[in-house]
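Following: one structure in structure tokens, then a few remarks.
The values are calculated or read from the model by the stated rules, or taken from the named source; none is laboratory data. Please read all numbers here as calculations on a predicted model, not as lab measurements. Glycine also receives a Cβ, built like all others from the backbone with ideal geometry; neighbour counts cover every protein chain displayed.
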Amino acid sequence: MSFKKIISAVFAIALLAVSAVSCSPNSVADEDSLYDNHQGVEKAKIVMPSNG
């Protein structure tokens, strides 16, 4: 086999592996509890500056 065919095959396998990993449904953001905080901000706790 020529050098170009070997490089093309390696590139194709790497591209396939990357696409298979990137399409996985599990991600860190889905499991992170920071995104589940829906409490909001209380307007009574906001302090407005005197100059603004």
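Between residues in segment 1-15 that are without any contact (Cβ under 8 Å) to a residue 40 or more places away in the chain and residues that are assigned to a helix (DSSP H, G or I), which pairs lie under 9 Å by C-beta distance while being six or more apart or on different chains? Note: pairs meeting the criteria are MET1/ALA9.
In segment 35-50, is there at least one residue being within 14 Å of the chain's Cα centre (by Cα), in a helix (DSSP H, G or I), exposed (fewer than 10 other Cβ atoms within 10 Å of the Cβ) and modelled with pLDDT under 85? Step through it out loud before you land on a result.
Filtering segment 35-50 down to residues within 14 Å of the chain's Cα centre (by Cα) leaves 35.
If we keep only those that are in a helix (DSSP H, G or I) as well, we get 35.
The next check asks that each one be exposed (fewer than 10 other Cβ atoms within 10 Å of the Cβ); those that pass are 35.
Remaining after also requiring modelled with pLDDT under 85: 35.
So far as segment 35-50 goes, yes, one or more of its residues are within 14 Å of the chain's Cα centre (by Cα), in a helix (DSSP H, G or I), exposed (fewer than 10 other Cβ atoms within 10 Å of the Cβ) and modelled with pLDDT under 85.
The combined condition, being assigned to a helix (DSSP H, G or I), modelled with pLDDT under 85, surrounded by 10 or more Cβ atoms within 10 Å (Cβ to Cβ) and under 24 Å from the mean Cα position of the chain (by Cα), is fulfilled by ALA17.
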